Structures are given as C-alpha cells and as structure tokens.
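Read the structure below first, then the notes.
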Amino acid sequence: MILQVTSVKYLHDYQLWLRFNDDSEGIVDLVGELWGTVFEPLKDLTLFSQVKLDKELATVSWPNGVMG
C-alpha cells in the first residue's frame, strides 16, 4: 500500500498533524527541513500555517504552490 495523506492540521511552530489512508496518524516537525529555494518561504509561520490538503495528489500544500 502506498501511503497517502488524507488529513492535515497545523499545530504550532513548524509542526503538522497528519493522517494517512491506512488510518495511522502522527505529528511531523518540519523545522529542519525548510531549506532550499522552494521551501525557504515556508519559514514564515504566517505562510506555513496556511497548509492544506491537496486531495487530488493526497499530499500537503501551501498557497505559494509548494507541496510536500
């Protein structure tokens, strides 16, 4: 089974709560992962906190087009 994100919630700082299609869930802290040209803008917590689920691709996404 390929895991797909089915739900996402912003918690605080750079932490997200994720649920997957196998009903597993957990918290991921992305503070150390936001480097490089594409992810650098997500260091702005105002933008980072706007995370959404892209249902078509079953992954997380942000308004600036970044997907995780």
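General remarks:
- Cα-based convex hull volume of the chain per residue, rounded to whole Å³: 86
- The share of accessible area on the chain that comes from carbon and sulfur is 55 percent, using a 1.4 angstrom probe.
- Placing +1 on each Lys and Arg Cβ and -1 on each Asp and Glu Cβ, with no other charges, gives the chain a dipole about its Cα centre of roughly 160 debye.
- When all protein chains stay in place and ligands, DNA and RNA are ignored, the 1.4 Å accessible-area order of W17, W35, largest first, is W35, W17.
- Summed over qualifying helices (DSSP H, 4 residues or more, each -39500 (n - 2.57)) and divided by its residue number, the chain shows a 222 nm mean residue ellipticity of -1000 deg cm²/dmol.
- Taking 7 Å steps out from each Cα toward its Cβ at M67 and E33 produces label points 1.5 nm apart.
- Heavy-atom accessible area per residue - the chain, 1.4 Å, Å²: 68
- Dipole of the chain computed with +1 at Lys/Arg Cβ and -1 at Asp/Glu Cβ about the Cα centre; of L11, G32, N64, farthest Cα towards the positive end is N64.
The values are calculated or read from the model by the stated rules, or taken from the named source; none is laboratory data. Note that the coordinates shown come from a computational prediction; the quantities given were computed from them, not determined experimentally. With ideal geometry, Cβ positions are generated from the backbone for all residues, glycine too; neighbour counts draw on all protein chains shown. Surface accessibility is based on the protein's heavy atoms, side chains included, excluding ligands, DNA and RNA. Shrake-Rupley method; radii C 1.70, N 1.55, O 1.52, S 1.80 Å.
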